[in-house]
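The structure appears right after this line, and notes come after that.
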Amino acid sequence: MKRALLLLLMGMITFALVACSEDKGNEAKAEKEDEPKQEEKAKEEPQKEEPTQEELDDKLKKEAVPIDWVKAVSDEIPKGTKVYGEGEVDKHPTNEDDVMQDFGLSIKYGEDEWGVFEVRTFTTLPNVEEVQEGDIAKVYGTYAGKHEVTGLPLISATIVEKK
């Protein structure tokens, strides 16, 4: 009796395993049949063209808001906010071979109020002009929190225009 139950149980397990493996085979076969259909859909959909650098820069200039020093030092500006500011450059000594440059930007508010920002940019970007100590520059970019060394509000700039 025990042997009969054991054989019956083994038979049921074998049947279940065979049935499951056939289902997986059918699923894989169905997936392979769907692949050409997905490829055809991809061919039918028009490819979206990537925006040019000029279009991206124009969009940034339209969407950027003036950076507010008081809000920036109070952490009231969310990181990633598109901003711009214009002021006097305080150039930090850097290695000429560096592709990244940091400089200070003093922006005047009111008659006697000044806010100082750190600006970080890549010198290899097409719209980054070389600036020197004392130059007036306008920068566009995103607010990036506080500079890790100075603690000043940091603008990650993709456009630097010398005025």
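The values are calculated or read from the model by the stated rules, or taken from the named source; none is laboratory data. Just so you know, these numbers come straight off a predicted model, no measurement behind them. Heads up, the Cβs are rebuilt from the backbone with ideal geometry, glycines too, and the neighbour counts pull from every protein chain shown. To get the accessible areas, we keep the full protein, side chains included, count just its heavy atoms, and leave off ligands, DNA and RNA. Shrake-Rupley method; radii C 1.70, N 1.55, O 1.52, S 1.80 Å.
If you take the beta carbon distance between Asp98 and Lys163 as r and set R0 to 30 Å, what does 1/(1 + (r/R0)^6) give as a FRET efficiency, to the nearest 0.05? Walk me through the numbers before you get to the answer.
Details: r = 24 Å, r/R0 = 0.79.
Taking R0 as 30 Å, the efficiency between Asp98 and Lys163 is 0.80.
Computed with a 1.4 Å probe over protein heavy atoms only, the accessible area of Lys82 comes to about 70 Å². Among the listed pairs Lys59/Lys146; Lys48/Lys91; Lys61/Lys91; Lys71/Lys163; Lys48/Lys108; Lys71/Lys162, those with a Cα-Cα distance over 32 Å are Lys48/Lys91; Lys48/Lys108. Label zone of Ser106 (point 7 Å out along Cα→Cβ, amide N under 12 Å): in the range 71-89 this covers 87-89.
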